[in-house]
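Below you'll find the structure, written out as structure tokens, and then a few comments.
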Amino acid sequence: MDQLRTSFSRKSNAIESILKTAEDGTGITEQKIIYSLLISPFEADQCLSTILRNGLFRYDSSTRAYKITEEGLDFLESLRRISELDNEIE
């Protein structure tokens with residue numbers, strides 16, 4: 001159970017980091033995700049699949065980059081609010 005929790009936590013942290021990296025709206029390539037987060041191509045694919053499936057990114061084929069959507073920005077803001085609440089509780 002602890003291993004599953006650790007795996008989930010690692011993936012959710014990676015997703016949050018990917019969203020933050022793309023927050024400026026300029027787009028991010030899969031290669032940049034791999035190198036900036038020091039994750040494997042397999043992990044990047046898993047995270048990107050989750051992000052795309054939930055409408056948090058869109059793929060721009062003209063620039064070959066992933067761009068954050070309004071839903072992605074809203075989700076990131078929600079994560080920040082949760083983090084602030086968590087810090088207040090501690």
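Read the figures in this text as sums done on the coordinates, not as results from a lab. None of these values were measured; they are calculated from a predicted model.
Binning all Cα-Cα separations of the chain at 5 Å, short to long from zero, yields these whole-percent fractions: 2, 14, 23, 24, 18, 11, 5, 2, 0, 0.
Find how many whole Å separate the alpha carbon centroid of the range 37-87 from the alpha carbon centroid of the range 9-26. Cα centroid to Cα centroid, the span is 5 Å.
Between residue 10 and residue 82, the contour length at 0.36 nm per residue exceeds the alpha carbon distance by 24.2 nm. Per residue, the average separation of C-alpha pairs within less than 8 Å and at least 6 apart gives the chain a relative contact order of 28 percent. Angle of helix 2-21 to the longest C-alpha principal axis of the chain, folded into 0 to 90 degrees and rounded to 10: 50°.
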